[in-house]
1. Take Y344 and tell me if it is outside the structural domain of L41 (by TED's automatic domain parsing), touching a residue at least 24 places away in the same chain (Cβ under 8 Å) and surrounded by fewer than 23 Cβ atoms within 10 Å (Cβ to Cβ).
2. Scanning for something aliphatic (A, V, I, L, M), surrounded by fewer than 22 Cβ atoms within 10 Å (Cβ to Cβ), touching a residue at least 12 places away in the same chain (Cβ under 8 Å) and more than 29 Å from L320 (Cβ to Cβ), does the range 56-73 turn up at least one residue?
3. Just to be sure I understand the filter: pairs with C-beta atoms under 6 Å, separated by 6 or more residues or on different chains, first member in the range 75-90 and in contact (Cβ under 8 Å) with a residue 24 or more places away in the chain and charged (D, E, K, R), second member in a loop (DSSP other than H, G, I, E, B) and surrounded by 24 or more Cβ atoms within 10 Å (Cβ to Cβ). Which pairs pass?
4. Looking at the range 189-198, is at least one residue under 20 Å from E237 (Cα atoms) and either aliphatic (A, V, I, L, M) or in a loop (DSSP other than H, G, I, E, B) (or both)?
5. Identify the single condition in (1) farther than 15 Å from F263 by Cα; (2) surrounded by 20 or more Cβ atoms within 10 Å (Cβ to Cβ); (3) among the charged types (D, E, K, R) that E324 does not satisfy, given that it satisfies every other one.
6. Can you tell me how many residues in the range 452-471 are buried (at least 20 other Cβ atoms within 10 Å of the Cβ) and within 26 Å of G339 (Cα to Cα)?
7. Please find, among T77, T27, T31, the residue that is at pLDDT 95 or above, under 20 Å from the mean Cα position of the chain (by Cα) and in the same structural domain as K460 (by TED's automatic domain parsing).
Amino acid sequence: MKKLLFTAIYLLMSAGVICQNVPKLVTVYSTSENSNQRLTLTDNIIFSDKQTDADVSVFVNPAKTFQTMLGIGGAITDASAEVFSKLPVDKQKEFLEAYYDSNKGIGYSLARTHINSCDFSSESYTYIAEGDKELKSFNVRHDKVFRIPLIKQAIKMANNKLVVFASPWSPPAFMKDNNNMLQGGKLLPEYYQAWANYYVKFIKAYQQEGIPIWGVTIQNEPMAAPVWESCIYTAEEERDFLKNFLGPTMAKNGLSKKNIIVFDHNRDFINQRANVIFEDSVAAKYAWGIGFHWYETWDGGEPMHCNVAKVHESYPSKNLLFTEGCVEVFNNEKFNYWGNAERYGRSMINDLNAGTVGLTDWNILLDEHGGPNHVGNFCFAPIHADTKTGNLIYTPSYYYIGHFSKFIRPNAIRMSTASSKSILLSSSFKNEDGKMVTVVMNGSNKLLTYNLIINNNCAKIQILPHAIQTLVY
């Protein structure tokens, strides 16, 4: 009876029968540890004009708005595509719906992929023959086997609204001073133009395959020299490559509307990179914004969300994009470890509140060993596949990410939100259809009651320990 009453109220409000000054309904979706709640509709609560006693209050001010969202999603890598190809057809369909269907799944709207190989490839490769500076042999036939088909299926499942951007891990070995795609090294100056041309070739080749590339990052993790594909740029080198080669080359080839993202590395040094590149007016005009990862937290210190906020404060016209994050050390006994999911929740809320317009997880799918990976750099993904049985393993991280991606849609605008106590984290958005969304996370061991307060309206809500909720109203 209670459920029928809530349904009737909702339908009347949607039809405009109940006037706007009467308190509205908030629909609560929950995921919590030690329960069966997984993006589960757990409550419908009517707003009241009276505040009640509660442990915490979450204040939302729709009149104060900030950044507009680009999207939320994950990376479609060689590894993800190879594992996907091993799934039974029915599991492939389930997987695509789980990520890219906004009704049946969590509605991913953003995807990252790679130019040439990365660590999550089964081998190192490029798109040209050795020594081909003129790029006459350029061909993406390698990607046509697994990766391009998966990207195309993802785009179709997302109703052709999937934004795809690409990142290189390394130029071909002959273009680098260490003559190796792995272990760092630098792009030789005599190949700057050839490498800029390479991005153009890639974008156009993918477009010919029916995959529109929204933009590129200049280099994945330009400050690192790991055992996998990599290439080092100082801030000054990246600035000069952008303003003298990549930016002009893309403009010359009719790609000036494609977006270029700088840095694409950890939050700890994001400010220095932003200062060097964005203070140069020529370089800055080619840069859509700056990308960042979360791996500076590996030493147990506090994540540097404050650095992201400082970049936004200094360069409000430049966009902030979270381009990669994952739980780095794989352990097949920890598929259901809740702390992994809470790491996503904390990171996403704090980065969104710092001004970030998009969030991209790392691999969308890996096998039961955290791969494949040609250098043994295995890690977690939100969904794993058991290639022996063909079953999919949904980790808690999948559901935590879904509390954002399913409800905060592209072009949503962030609204001012504050919590009266730090025990609850929260962020709020207004979608294009007028629906407002607040995500609330409780990382404590306590069952909490909180008031959601919007203007003079108040909804009293309960959240379980180690839980995340999305409120839609």
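The values are calculated or read from the model by the stated rules, or taken from the named source; none is laboratory data. Nothing here was measured: the structure is a model prediction, and the numbers come from that model. Counting neighbours? That spans all protein chains shown, and the Cβs are built from the backbone with ideal geometry, glycine included.
1. In short, no.
2. no
3. Pairs that qualify, where the first residue is in contact (Cβ under 8 Å) with a residue 24 or more places away in the chain and charged (D, E, K, R) and the partner is in a loop (DSSP other than H, G, I, E, B) and surrounded by 24 or more Cβ atoms within 10 Å (Cβ to Cβ), are D78/S121.
4. Checking the range 189-198: at least one residue is under 20 Å from E237 (Cα atoms) and either aliphatic (A, V, I, L, M) or in a loop (DSSP other than H, G, I, E, B) (or both).
5. (1)
6. 9
7. The unique qualifying residue is T31.
Conditions tested, residue by residue: (1) loosely packed, with under 14 Cβ neighbours inside 10 Å; (2) among the hydrophobic types (A, V, I, L, M, F, W, C).
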{"residue": "T77", "(1), (2)": "no, no"}
{"residue": "V89", "(1), (2)": "yes, yes"}
{"residue": "K136", "(1), (2)": "yes, no"}
{"residue": "Q153", "(1), (2)": "no, no"}
